[in-house]
Amino acid sequence: MRKIKINRLAILLTFLAVFSISGPVVWGQEPTQFNAESEKTVEESIFLPAIHENTKIYNGKSAVGTTVYYQISDREETRTAVPVNETGKFAIDFGTINFTIGETIRFYILDESTDWTTELEQSILPAATGSEIMGMNQTPSEEETALQEASSLPALYPYTKEYTGRTVPGSTIRLLIDGVLSESFVKSDSSSGGFQWSFIDETLQIGQAIQFVIVSKGTTSILDQIVSEPTEEWKAASDKIKKETILPDIYSTTTSYTGKTISNALIAVENRQSPKDLILEVRSDEKGNFSADFSSLGKLTENDTILFTITDAKGSYASFEQFVLLEEPAELEKTEPANEPEIESENEPIIDSSKIEKKADLEVGSSSVIDKPLRAKAATELMSNQIEESTPKAPVKESDGDNEMLESDKLGTVFSSQSSIEEQIEQTDPETDNESVDKGSSIFSSLPLPILVLLGAISMGGFLYKH
């Protein structure tokens, strides 16, 4: 029994001796040479590029297993944790933060394995071309290549307005167009990784390079997409819109506007000289008619450019531009053109004897019981009246003796004309169709008014004498 107690006492004394010798070295020592080397390794791993006023995406590097925070100046509410990947790299999208020259960005880097923390500051430098994205590698790393492979970007076309892609869940996406990084950005879905980008405010050109900048889990990757040629199906649909669209002129006084296009189309109207958010949208009916209230576009002035974008149900569209004219012209009065008088020969009025005879038949009747003398008399009277109406009246001049027409000559002319009239009447008479007569020519137009009156009287007398 005593032997057991001695052994236990010996063990306890031995343990206390060892504890008293090694204890201060384990718990109470200053940082060892190992910790100093670890700290040095972390410091050497840190890479913090410059930050400019226009920097939006920032890529840096720390040691593997460290934690990184950043804070803007003394504003603790801006303190944000930054993911660090397996190689110690980190990427920051500053979102909507706007920097001011002279501000500072404080980076806190913590090594939890050694409970070591360091604080570094970067001053905001003036904006510079190409400084929107800082710290990118010239050659894609393995992490960047993996991010590209995990992303799916469909084809882009000049008519693309709403674009849907896919990448790593929770990523941030911006566009880099012609070397300019977009102010806006979108986040991919936290589960599926899907995202949408609107190109409504962009005019894409065939062959143009559109770069998608994706920031995900400490890695930034840039994927290029070239705008492709439109498909044949899209071209046909766009051509149909252009063919069926009718857009009247626009004036500075226009408030209510009507047009015509394809049925059930979406018509977006905007004034290029107004803010971009002033976009009027209307739809056409089943017949393609549409109307728009232009008062919502603001005051129109001469030479403003009005852009119409007409889109069908499948997304095919066509764009039209119209310039605003100064003012709508007053509506011209509609007047009937005056009938111009018929031009008649100055000396030879045209007399249609057949019409005279028909009119005579109407006045005296066309029945066969009406005798020929009565019809001849009516025709003679009508002929005389028409001659009188068609002959211009002129003042009677005194004739010289040398130029006077003999009375006998006048009478001969009158009887000759009378014979011609009678022959025309007999020729049109159905009872004398087979008789051969010669047609005379009228010279009544050359006679003055008194002679015409005399002609009528003598013609009647000659007619009665014959019958």
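FYI, it's all coordinate maths here, none of it is from the lab. All values reported here derive from a predicted model rather than from experimental measurement. So basically every Cβ, Gly included, is an ideal-geometry build from the backbone, and we count neighbours across all protein chains shown.
Okay, here's what the table says:
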read-out: Pairwise FRET efficiency - Val180 versus Tyr108, Cβ, R0 = 35 Å, nearest 0.05; value: 0.65
read-out: Two-site label geometry, Ile97 and Asp74: point separation in nm, points 7 Å out along Cα→Cβ; value: 1.8 nm
read-out: Computed magnitude of the charge dipole of the stretch 142-226 (debye, nearest 20; Cβ of K, R +1, Cβ of D, E -1); value: 220 debye
read-out: Dipole moment magnitude, nearest 20 debye, the stretch 232-325 about Cα centre, only Lys, Arg, Asp, Glu C-beta charged; value: 80 debye
read-out: Solvent-free Debye scattering, log10 I(q)/I(0), computed from the Cα coordinates of the stretch 142-226 at q = 0.10, 0.18, 0.19, 0.24 Å⁻¹; value: -0.22, -0.73, -0.81, -1.28
